[in-house]
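Note sheet for the following structure.
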C-alpha cells in the first residue's frame, strides 16, 4: 500500500475512533456539561440520561472530551449522594489515568458533596486525602473539610496543619480553620 494511502487510512481510523468515543455519550448530556450558566439537579439529569451516575462517570474518564466537561461531570456526581457515587468518586480520585486536576475535583466532590448526607464517610475520606502525596488532592480535601459539621473535622485540620510542609497550603488550612470558627460563632449567636 502506498505510504500516502496508508497515512490517509490511518488518519481515518483514528478519526473514526475519536468520533465513536464522543458519540458514545448522550449528546444532550454533553450539551448540559458544556453549559456555563446552569447547574442541573439530579432530577434534571435523570430526564437527560437514564443512568446519570454511570454516564457522568464515563464522561469523567473520557480523555477525548474537554477538561471542562470532565470536571463538570465529576462535580455533578454530587447530585447523587449514594454509596455507589461515593465509591465512584473515590475511584476517580485515585485513577492514575486522570490528571491531578480531575483527581482533585473528585476528592473535593467526595468530601463537599457528602458533608451533609454522610459526614463521617466524608471525614474519613478527607482525612486520608490530607496525607496524599499530590498537593492538589491535599488542598481539595482541606477545602472540603470546611463543610463537615463534625468536631472531628477540626482535629483533622489540626493534624493536617502540623504535618503540612507546603507554606501556601498551610495558609489555606488556617483560612479554613478561621472560616469554621466563624460559622460556629454565628451558630452560637443564634
**Prompt:** Per 10 Å bin from zero, what fraction in whole % of the C-alpha pairs of the chain is there, up to the bin with the longest pair?
**Reply:** 9, 31, 28, 18, 8, 4, 1, 0, 0
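Using the count of nearby Cβ atoms within 10 Å as a rough guide to exposure, how do 135, 56, 98 rank from fewest to most?
Values: 135 14, 56 28, 98 20.
Least to most surrounded, the residues fall as 135, 98, 56.
Classify region 35-104 as rounded, prolate or oblate from the Cα gyration tensor: take a ≥ b ≥ c as the square roots of its eigenvalues, call it rounded if a/c is under 1.5, otherwise prolate when a/b beats b/c and oblate if not. Please list the in-between numbers first.
Values: a/c = 1.85, a/b = 1.28, b/c = 1.45.
Note, shape of region 35-104 comes out oblate.
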**Request:** Calculate the spin-label point distance for residue 34 paired with residue 99, positioning each point 7 Å from the Cα along the beta-carbon direction, and give it in nanometres.
**Result:** 2.0 nm
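Rounded, prolate or oblate: which fits region 149-190, taking a ≥ b ≥ c as square roots of the Cα gyration tensor eigenvalues, rounded meaning a/c under 1.5, else prolate when a/b beats b/c? The partial results should precede the final answer.
Details: a/c = 4.69, a/b = 1.97, b/c = 2.39.
Judged from the Cα gyration tensor, region 149-190 comes out oblate (a/c at least 1.5, b/c at or above a/b).
Using Cα pairs closer than 8 Å and at least 6 residues apart in sequence, work out the relative contact order for the chain, in percent. Provide the component values of the computation, followed by the final result.
Values: 195 pairs, mean separation 23.6, N = 190.
Once divided by the residue count of the chain, the mean separation gives 12 percent.
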**Request:** Taking the chain as the reference, fit the longest principal axis to its C-alpha atoms, fit the long axis of helix 119-129 to the helix C-alpha atoms, and give the angle between the two in degrees, 0 to 90, nearest 10.
**Result:** 70 degrees
**Prompt:** By its C-alpha gyration tensor, with a ≥ b ≥ c as the square roots of the eigenvalues, how is region 115-185 shaped: rounded for a/c under 1.5, else prolate for a/b larger than b/c, else oblate?
**Reply:** oblate
**Item:** Two-decimal Rg/Rh across region 71-128, once Rg and the Kirkwood Rh are taken from alpha-carbon atoms
**Value:** 0.93
**Item:** region 55-113 and region 162-178: distance between their alpha carbon centers, rounded to Å
**Value:** 25 Å
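Read the figures in this text as sums done on the coordinates, not as results from a lab. Just so it is clear, the model here is predicted, and its values are computed rather than measured. Here Cβ is always computed from backbone atoms with ideal geometry, including for glycine, and neighbour counts include all displayed protein chains.
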